[in-house]
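So the structure is just underneath, and the comments pick up after that.
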């Protein structure tokens, strides 16, 4: 029984770790309380840092995905057998580059036939022109009747029309022959070759054979959904809203990919939806992100920081100084008399390795980062710089 009471007493005085510091559960004030023999106890040492104050723009963070500006499903315009595949799967291709070569022999023959028909039509047209000119002279001499002359005139018009038709057939045959070389319509990264040499493909219809896909790589779109307050900031005309033609102003946007610290990538807002989804209470937004080295790819997840207001002085702290209980988040503030005050705080977005504080702290105040401490107790503060305060600055 005595052993159980001793264990319970020991548990009650054990320190409680909260956030980056320790809350002591003993009843002494920790400010020179007498120990055994009346000797004064030393104040507990805690690591303390002064809050960082820096000019920071108001912002909101969202989750988005990358999408290609242009995406093409490559299909042949004419049918035939694949002679060769002329690209490396997954590589970069340029607009106009030949990716597939179809068997062109039947289209070459069709072009030759159309050219022969054109020559025949031109000969017949020349003969009709000659007969028409002779008829004009005979009509002037009243050697033929007006009706006979009208027949010569109609014959000339018909022969000229047949020449134009034959020329159109030659152009069509030439286009079909050119289309046996399936070219990349855009520059970008090509996908897998879905059809290999020797296979028969169909073309020219909605059911044409899919050969491969191409997506552009620079720039990329970043699609994300914004909440109603953010939407209202940009949905109306004004300095940060829509322009006179209704398009959204290209305000700065910062982007970070999975595993990246901070928001080092620059983008710009270029589209805001014309309505809010009643089911989610969000609206679709889009930013343009450059990708000059071609390392990004469509479908990647991204964190997006959208500036929603002008820059103003803002308090920033290290996350390790923040504790959490049932009532929310708090920090321990060091008063001028070196006693500790528990202060409720409202946190904002991250700024590099630091966190912005919307409410609860003022410039110049010092807070506990770590150590054995509890509200109301006096401590021996060890002042250090806020962790990576300058490196945490957003580029």
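The values are calculated or read from the model by the stated rules, or taken from the named source; none is laboratory data. It should be emphasised that the depicted structure is a prediction, and the values quoted were computed from it without experimental measurement. Note that each Cβ is placed from the backbone with ideal geometry, even for glycine, and that neighbours are counted across all protein chains shown.
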*Considering each of 197, 267, 206 in turn, give the residue that is on the phi < 0 side of the Ramachandran plot, out of contact with any strand residue (DSSP E or B) (no Cβ under 7 Å at 6 or more places or on another chain) and either assigned to a loop (DSSP other than H, G, I, E, B) or surrounded by 12 or more Cβ atoms within 10 Å (Cβ to Cβ) (or both).*
206
*Out of 167, 134, 156, report the one residue that is at negative phi, modelled with pLDDT of 95 or more and assigned to a helix (DSSP H, G or I).*
167
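Residue-wise test of (1) at pLDDT below 90; (2) assigned to a helix (DSSP H, G or I); (3) in contact with a helix residue (DSSP H, G or I) (Cβ under 9 Å, 6 or more places away or on another chain).
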position	(1), (2), (3)
222	no, no, no
226	no, no, yes
232	yes, yes, no
246	yes, no, no
250	yes, no, no
255	no, no, no
259	yes, no, no
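Residue 283: assigned by TED's automatic domain parsing to the domain that holds residue 236, in contact with a helix residue (DSSP H, G or I) (Cβ under 7 Å, 6 or more places away or on another chain), touching a residue at least 40 places away in the same chain (Cβ under 8 Å) and farther than 16 Å from residue 216 by Cβ, yes or no? Please lay out each step first, then the result.
Working: assigned by TED's automatic domain parsing to the domain that holds residue 236: yes; in contact with a helix residue (DSSP H, G or I) (Cβ under 7 Å, 6 or more places away or on another chain): yes; touching a residue at least 40 places away in the same chain (Cβ under 8 Å): yes; farther than 16 Å from residue 216 by Cβ: yes.
So residue 283 passes the test.
Condition first: within 31 Å of the chain's Cα centre (by Cα), in contact (Cβ under 8 Å) with a residue 24 or more places away in the chain and within 30 Å of residue 334 (Cα to Cα). Can you find one or more residues in region 43-55 that meet it? Show your work before the answer.
First, pick out the residues of region 43-55 that are within 31 Å of the chain's Cα centre (by Cα): 54-55.
Retained after the next criterion (residues that are in contact (Cβ under 8 Å) with a residue 24 or more places away in the chain): 54-55.
Checking which are within 30 Å of residue 334 (Cα to Cα) leaves us with 54-55.
Yes, region 43-55 contains at least one residue that is within 31 Å of the chain's Cα centre (by Cα), in contact (Cβ under 8 Å) with a residue 24 or more places away in the chain and within 30 Å of residue 334 (Cα to Cα).
Quick test for you: out of 282, 308, pick the one residue that is modelled with pLDDT of 90 or more, over 13 Å from the mean Cα position of the chain (by Cα) and farther than 30 Å from residue 76 by Cα. Show your work before the answer.
Details: 308 fails: modelled with pLDDT of 90 or more.
Unique residue meeting the criteria: 282.
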*Count, please, the residues in region 343-383 that happen to be in contact with a strand residue (DSSP E or B) (Cβ under 6 Å, 6 or more places away or on another chain), over 16 Å from residue 47 (Cα atoms) and in a strand (DSSP E or B).*
13
*residue 182 vs. criteria under 23 Å from residue 93 (Cα atoms), at pLDDT 95 or above and either within 38 Å of the chain's Cα centre (by Cα) or part of a helix (DSSP H, G or I) (or both)*: yes
